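A short write-up of the structure that comes next.
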Amino acid sequence: MPQVRRMAHRVNTLVGTGVSRHTSSANSSSSASSASGATSGGIDAMMKELAGRSMQLGPMVKRRIFEDFPDVPQGLELGWAQLPQLDGRFFSLGVFLNHKDFCQVALVDGKGRVFLGADPQMDTHELEPALMFGKEGDFSLQDDTRIRAGVSGSASTIGKVTERLSSNPHRPASENRSIDVVQGGIIGRDMFGRMAWLASWLKSGNRYTLEQMRYRLPESLRLDLEYRDAMAIAFFAAYMLPQISGQLIGFGAGNIFRRLNREAPLGAIRRSVRDSLDARGRGLRVSGLEDYFADLMRESGALKPSAGLEAVHGAEPLHLYTSSYSGAYFFTWDDSLNLAPALEALNIEGNLNRFASVSAWLEHNAHTGALPIEDTVTRAQAAQIDHALLENPALLALKPQSSRALNLDEPSSVSLERMVTTAAQTADEIAAKAPPLAALLVMPLLPRIILKRRRTVAANGCIVRPSPLCCGA
C-alpha cells in the first residue's frame, strides 16, 4: 500500500501542471480527497488522484500494457498509448488504472527522447528530455544470443570459470553469420539536472535489446523489442521506478565511473560500494564487476578509515585525475602525506587501474560480440581477467582494434611482438610525414644559413669550405 501512495505522489510530481482530461471541479475534489487520503493513510484517495488526471482511451487507440512488469503495486499497470491527436509523431507513456483509463506521465518522440508532462499536445521544443537513447557506435556480433529471445548462449562461456577465459566467441566464426548492430546508452536526468548513464541498448534492424538494466526483467521485456516497447520499458525500469524508490543509479562500472568523475575519490569509492549493497538489498541486479570492485577496494584499504586520507572540513586531501596519454588513474594531493597514507594511496590507485583495465576488457568484448560482457560477467570471471592482465600487461598496453577479438590466453611474446610492430608502423607513418614537417622547421633558419655561408666565402672566390692550402693567402 505505501508503494501505491509513493507511485501516485511521484506520478503527480512528474506530470506537474499538465493538462487534465477532467473538469476543474473534478480536479479540486480529487485534490481534496488526496489530501485527506494522505493524512488518513487511505489508498482510495490516491487512486482518485490518478483518476483525476486520467483520460479514457477509445477502443481504436493502440496501446500496450505491461502486465508482468516487476515492482509495480497491485491495481496499477504501466504501458504506452498511441493517441490519435499526436499524428504518429509522439506516443504517450503512463499508468493504466484499467484497460481504458490512462494517466499520461511522459511523451516520447521518434528520436529516442522522453519528455515529462501530462499534456499530450504539449510543446517539447524548449523542453529538456528526462531520458534519451544516445548512439555510441556500430559493430558486428558473431551470433544472436544477445538480441534474440529464446536463444541460449554457451553456458560454458558464460558460467564456467574453471577454464581459462577467452574473449573469442563460443562458437566458430564459420558457423555464424555476423550481425551488424548499433549500440548506445540510456541516459537519464538526475535530481540535480545532470544527465547520467543508466543502461545500454542494441539495435539490429528495427528491433531493440536492453542491456545492463538494474531491474530483473524477463526476456520478453529485454530482447527483440519494437521501438515503442523499448522506450517505454527503459523509461519505467531505468528511470521512473528507480526515481520512486529513491535510487536512480546506473548499472555496474557506469555508476562507479560517474561517481569517480564527479566526487572526491574516497567518498566516491565508498558510496559506489554502498550503491551495490543497497541495490542487492532491494532485489536489483548487481554486476560481477561491481562485486570485484568492492573486493579490490577492500583489499587496498579504501573502505576502512585512514588517518591521513580522510576528509578535513569536508575536503579530502586526495585528488583523482586521468592521464591524457595512457588513460590511467593517478592521485595528487595538496599537502605532504606521511609515508603510511602515501603508500595506501598508491595501493588504492593501483587497484583502481586494475578495475579500469577489467572494465575496458569487458567493454571491448561488448564491441566485438565476444563473451563475457559486464551484463553477464561473474565476480570469479572478473578476478580471472584481472589476473591474466597482471600476468601479461602488454595485452592491453595499446588500444585494441574494435574489430579484433582479444584472447586472454595470448602469450606475452605475441603481445610484445604486436607492440613492436605497432611501434614500427607508427615510426614509418611519422617518417612519411617528416619531410614537409622538417621543411617547415628549417624555413625560419634559412636566412641565417645563407648569411653564414656568405661570411665563409674566400677572398679568391672559392665557394667551397675554406682550406689553408688554397685560401690561406
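Read the figures in this text as sums done on the coordinates, not as results from a lab. Source: prediction; values computed, not measured. For neighbour counting, all protein chains shown are included, and Cβ atoms are generated from backbone atoms with ideal geometry for every residue, glycine included.
General observations
- The fewest-to-most ranking of W80, W197 by surrounding Cβ atoms within 10 Å reads W197, W80.
- Listed peptides 365-372, 267-274 appear in the order 365-372, 267-274 once ranked by packing, highest mean of other Cβ atoms within 10 Å at the front.
- Dipole orientation for segment 131-410: of the candidates L303, L398, I373, I373 has the Cα lying most toward the positive pole (charges on Cβ; Lys, Arg +1; Asp, Glu -1).
- Relative protection proxy for 280-289, 104-113, from highest mean packing down: 104-113, 280-289 (other beta-carbon atoms within 10 angstrom).
- Under 5 Å from the amide H of L78 lie the amide H atoms of F66, F96, each residue being 5 or more positions distant or on a separate chain, with H modelled from the backbone and absent for Pro and chain starts.
- Judged by the mean number of other Cβ atoms found within 10 Å, the most tightly packed of the peptides 324-332, 218-226 leads the ranking 218-226, 324-332.
- Here M122, M231 are placed in order of increasing Cβ neighbour count within 10 Å, fewest first, which gives M122, M231.
- Scattering from segment 258-350 was approximated by placing one identical point on each alpha carbon and applying the Debye formula without solvent; log10 I(q)/I(0) at 0.25 1/Å stands at -1.41.
- Counting beta carbons within 10 Å around each of D87, D334 and listing the fewest first gives the order D87, D334.
- Dipole orientation for segment 131-410: of the candidates A237, A356, I187, A237 has the Cα lying most toward the positive pole (charges on Cβ; Lys, Arg +1; Asp, Glu -1).
- Judged by the gyration tensor of its Cα atoms, with axes a ≥ b ≥ c, segment 131-410 is oblate; a/c meets the 1.5 cut and b/c is at least as large as a/b.
- Derived scalar couplings ³J(HN,Hα) [segment 404-414; Karplus, 6.51 cos²θ - 1.76 cosθ + 1.60; whole Hz; x for Gly, Pro]: 10, 7, 8, 10, 5, 7, 4, x, 5, 5, 5
- Dipole in debye (nearest 20) - segment 131-410, about Cα centre, beta carbon charges: Lys, Arg +1; Asp, Glu -1: 700
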